[in-house]
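Following: one structure in structure tokens, then a few remarks.
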There are 2 protein chains.
Amino acid sequence: MAKKNVSTFLLRQRAFLKLYLITLTEQERLYGLRILDLLRNDFKIYGYKPNHSEIYKSLHELMDDGILERYKKPKEGMKLQEVVYYRFKDYEEAQRYKKQLKVELDRCVGLLQKAIKDNYK
Amino acid sequence: MAKKNVSTFLLRQRAFLKLYLITLTEQERLYGLRILDLLRNDFKIYGYKPNHSEIYKSLHELMDDGILERYKKPKEGMKLQEVVYYRFKDYEEAQRYKKQLKVELDRCVGLLQKAIKDNYK
């Protein structure tokens, strides 16, 4: 898994979203339909609008990687309706992924800042 | 041309390379085979190794956009050999492109720094 999302240029959207999904799981804020709105609002001022399919692919990759798993809970006050939640299946692996992404994010910021320095006075 | 290389996530490699090629032209450092070595050396410590084809596609896009043009000069001391150089065909357009890319680079640095802030304590 380690190398899959590491591009030699800038990190990929998929890796970026997986990082956020892991952090949202840590914060117990990851469930069903809220994810899309939550991320979109967050990135709005940066002109980045992740789409539904990209977010769900990232989520499924985390499950395929054995990092997250889904579970269902009855909706509050509604015995017959269930809400899908996500929790860690392999917390250690999630932390390894986050560490790896930190190195990658720092590298990318460095590369972009170099470009600003090299191309603009 | 304006929107072609602007992604909603992070800027594309092609746009990044075009920016460097424009600046190298300003510095009169852009000619033939040197480009690849020059850029590769520059980015080595950032783990980014642009390939030949990507660089030449960027160069050709700049020519298709009417920003750069190529010309040939005899090689120093070698009357029968020619070296290919590049110069501005539309300097104003080159400057507009650079300005646009500055906004894009700042946006990307902001987005990545937000991710660092949001996901790491």
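The values are calculated or read from the model by the stated rules, or taken from the named source; none is laboratory data. This structure is a prediction, so every number in the text was calculated from the model and none was measured. Heads up, the Cβs are rebuilt from the backbone with ideal geometry, glycines too, and the neighbour counts pull from every protein chain shown. Surface areas here come from the heavy atoms of the whole protein model, side chains and all, with no ligands, DNA or RNA. Shrake-Rupley method; radii C 1.70, N 1.55, O 1.52, S 1.80 Å.
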Sort A:61-70, B:78-87, B:49-58 by the packing proxy (mean of other Cβ within 10 Å over each peptide's residues), most packed first. A:61-70, B:49-58, B:78-87
Dividing the alpha-carbon radius of gyration of region B:73-112 by 2.2 N^0.38 Å, where N counts its residues, gives 2.02
Given an 8 Å cut-off on Cα distances and at least 6 residues of separation, report the relative contact order of region B:13-116 as a percent. 27
Along the axis that rotates chain B into chain A, which residue of chain B has the nearest beta-carbon, and what is the gap in whole Å? B:L10, 2
How fast does region A:55-121 diffuse by Stokes-Einstein, in µm²/s, taking the Kirkwood radius from C-alpha pairs at 4 °C and 1.567 mPa s? 86
Within 10 Å of each Cβ in A:103-116, the average number of Cβ atoms from other chains: 6
Let's test this: bin the Cα-Cα distances of the protein assembly as shown at 5 Å from zero up to the farthest pair and state each bin's percent. 1, 5, 12, 15, 15, 13, 10, 8, 7, 5, 3, 2, 2, 1, 0, 0, 0, 0
Starting from a label point 7 Å past Cα on the Cβ side, list the distances from B:K102 to the same position in the other copies, nm, shortest first. 3.4
Here the Cα Rg-to-2.2 N^0.38 Å ratio for chain B is 1.22
In chain A, carbon and sulfur make up what percent of the accessible area (probe 1.4 Å)? 49
On full extension of the chain, what length is gained from A:R87 through A:R40, given 0.36 nm per residue of separation minus the C-alpha to C-alpha distance? 14.8 nm
With springs only between Cα atoms under 10 Å apart, run a GNM on chain A and tell me which of A:E92, A:E76, A:E26 wobbles the most. A:E76
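Taking 0.36 nm per residue of sequence separation and subtracting the Cα-Cα distance, how much length would be gained by fully extending the chain between B:I116 and B:K49, in nm to one decimal?
Extra length from B:I116 to B:K49 when fully extended: 21.7 nm.
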Regression test value, accessible area per residue of chain B, probe 1.4 Å, units Å², expected 58
Taking θ as phi - 60°, what are the ³J(HN,Hα) couplings along region B:69-77 by the Karplus curve (6.51, -1.76, 1.60), each to the nearest whole Hz, with x for Gly and Pro? 9, 9, 8, 10, 10, x, 5, 3, x
Summed buried accessible surface, chains B and A, 1.4 Å probe, nearest 100 Å²: 3200
Inter-copy distances for A:K121, nm, shortest first, label points 7 Å along Cα→Cβ, are 4.7
Burial ranking of peptide ranges A:36-45, A:103-112 (average Cβ count within 10 Å, highest at the top): A:103-112, A:36-45
Sorting from shortest, the nanometre distances separating the label point of A:R34 (7 Å past Cα along the line to Cβ) from those of the same residue in the other copies are 5.8
